[in-house]
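Quick notes on the structure that follows.
The values are calculated or read from the model by the stated rules, or taken from the named source; none is laboratory data. As the structure is a prediction and not an experimental result, all values here were calculated from the model. Positions of Cβ are generated from backbone atoms using ideal geometry, with glycine treated the same way; all protein chains shown enter the neighbour counts.
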């Protein structure tokens with residue numbers, strides 16, 4: 001008799017445990033599926049008009065495809081450098097766009113364009129004396145596209161790596177179109193688009209260190225040859 005009671009107790013305990021597990025598991029599934037529905041999308045960006053697809057607002061916070069949405073926005077809006085997407089539980093998605101900013105002014109025969117450090121065109125008709133000017137005629141370019149011209153790319157690389165070495169106010173193509181001419185104060189630096197910028201900077205740093213000891217900067221530093229040529 002005692003054995004039957006114990007067996008009945010074990011079955012009852014097992015049944016109660018099973019019911020509790022089903023309730024707990026069901027509660028977790030319900031909460032994950034319905035408790036974190038996306039109800040609001042915040043867009044924190046100034047000076048931009050981005051249209052968000054209505055289907056983005058539906059869905060679950062936990063499974064919200066942040067990476068895919070980020071890639072879609074970057075592909076659709078080339079003026080964006082990056083997009084940060086944050087989940088604010090339980091119901092809010094915050095989208096923060098990071099705009100590309102002008103690094104230099106590209107002056108062509110058509111117009112002046114703001115370009116970022118990678119050569120992406122971020123604006124047209126921009127005039128900013130605090131930015132270096134690239135006087136390189138590449139024809140017509142469009143906002144949102146990247147300038148792939150090798151002269152422009154070489155000039156941008158030169159600007160990026162020379163920032164801490166010396167201020168460069170302008171870079172232009174030479175008269176023969178075969179080299180580039182960077183202007184820093186009263187000094188002009190000549191180099192070609194085919195030269196590795198890292199090597200150029202190493203040579204230029206050695207030269208600048210030496211001439212600064214003398215207290216005066218040369219008029220021309222020509223880096224186009226195996227040995228640099230300096231003219232005072």
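A few remarks follow.
- Neighbours by Cβ (under 7 Å, 6+ apart or cross-chain): first from the stretch 106-118, free of Cβ contacts under 8 Å to residues at least 24 places away in the same chain and in the same structural domain as residue 160 (by TED's automatic domain parsing); second loosely packed, with under 15 Cβ neighbours inside 10 Å and in a strand (DSSP E or B): 111/124
- Just one residue in the set 102, 97, 90 is in a loop (DSSP other than H, G, I, E, B) and farther than 30 Å from residue 137 by Cα; that residue is 90.
- Residue count, the stretch 76-86 (criterion: farther than 30 Å from residue 167 by Cβ and either at pLDDT 85 or above or assigned to a loop (DSSP other than H, G, I, E, B) (or both)): 5
- The residues listed here are 226, 145; of these, the one that is assigned by TED's automatic domain parsing to the domain that holds residue 108 and under 30 Å from residue 78 (Cα atoms) is 145.
- Tally, over the stretch 168-196, of residues that are at pLDDT 85 or above and over 19 Å from residue 133 (Cβ atoms): 4
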